[in-house]
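The values are calculated or read from the model by the stated rules, or taken from the named source; none is laboratory data. Values in this document were obtained by computation on a predicted structure and should not be read as measured data. All Cβ positions, even for glycine, are placed from backbone atoms using ideal geometry, and neighbour counts span all protein chains on display. Ligands, DNA and RNA are stripped out before the accessible areas are found, and what is left, the full protein with its side chains, is counted by its heavy atoms. Shrake-Rupley method; radii C 1.70, N 1.55, O 1.52, S 1.80 Å.
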Amino acid sequence: PVVASAGGRRLRIAHTVSFSFDMSWEELLWLVEGHEVHVLDEALRRDTQRLADYCAEQAVDVINVTPSYAQALVECGLLDEGRHRPVLVLLGGEAVAETLWSKLRDTPGVLGYNLYGPTEYTINTLGGGTLDSATATVGRPIWNTVAHVLDTHLRPVPVGVPGELYVSGVGLARGYLKRPGLTAERFVADPFGEPGGRMYRTGDVVRWRA
């Protein structure tokens, strides 16, 4: 959908993440598909006004930031009419405010997409966008990933009822280095999967929606 909305042309991606952060490799994978990645220096990526202006001047199509930073960029003109706008605004790391979600949803030619993922699941786990939901969402499990919303007795809760999010699948980490107690607490037996399977207890409260 992103390439289609951009007319099928090569996209420009802003690399806004420090290389010391585990998600920094994601933007580089756009190169595999023949797109153009702009690696930004520390000063530029930390200056919201300069970054918003850079995205307009360099016709950046994709940007990946936290929701609070995206809101700051919007306030600095990232989505203003009459200038180049990104076709895809990727979000992650925090809860998305409804005001930001609705702004992305209602801006013509812009897709907002929220990627939820703890480092323990290496790293994206759920995803959903403004084409999927009118209101903010963490979305659905990605490929080869299972999400469970459970009560305190590890029983699935009904749709609409809050519960704790547990995830399992190929992205699951082995545990915490030299911390067996914490590993046993957070990486628990998976009663829904294959024998010996595990799932990660995220600690986040979510609910399934219809």
Checking the conditions here, which among G92, G109 is over 30 Å from D204 (Cβ atoms) and touching a residue at least 40 places away in the same chain (Cβ under 8 Å)? G109
Among the residues of segment 142-190, count how many are open to solvent by 80 Å² or more (accessible area, probe 1.4 Å) and in contact with a Leu (Cβ under 9 Å, 6 or more places away or on another chain). 1
The lone condition T135 fails out of (1) part of a loop (DSSP other than H, G, I, E, B); (2) in contact with a Phe, Trp or Tyr (Cβ under 7 Å, 6 or more places away or on another chain); (3) open to solvent by less than 30 Å² (accessible area, probe 1.4 Å) is (3)
Selection count, segment 100-118, where residues are farther than 19 Å from I142 by Cβ and assigned to a loop (DSSP other than H, G, I, E, B): 4
Could you say whether any residue in segment 101-124 is closer than 27 Å to D53 by Cα, surrounded by 19 or more Cβ atoms within 10 Å (Cβ to Cβ) and polar (S, T, N, Q)? yes
Name the residue that is nearest to G128 (Cα to Cα), counting only residues in segment 82-99 that are among the charged types (D, E, K, R) and assigned to a loop (DSSP other than H, G, I, E, B). E94
What number of residues within segment 30-80 satisfy the criterion of being outside any loop (DSSP other than H, G, I, E, B) and either open to solvent by 30 Å² or more (accessible area, probe 1.4 Å) or among the aliphatic types (A, V, I, L, M) (or both)? 31
Given G203, G181, which one is small (G, A, S), part of a helix (DSSP H, G or I) and modelled with pLDDT of 95 or more? G181
Tell me which of these G34 doesn't satisfy, since it passes every other one: (1) over 20 Å from the mean Cα position of the chain (by Cα); (2) closer than 24 Å to W101 by Cα. (2)
Going through (1) crowded, with 22+ Cβ neighbours inside 10 Å; (2) touching a residue at least 60 places away in the same chain (Cβ under 8 Å) one by one, V87 fails only at (1)
Residue pairs, Cβ under 8 Å, 6 or more apart or interchain, first in segment 155-181 and at positive phi, second surrounded by 10 or more Cβ atoms within 10 Å (Cβ to Cβ) and among the polar types (S, T, N, Q). List them. G169/T145; G175/T183
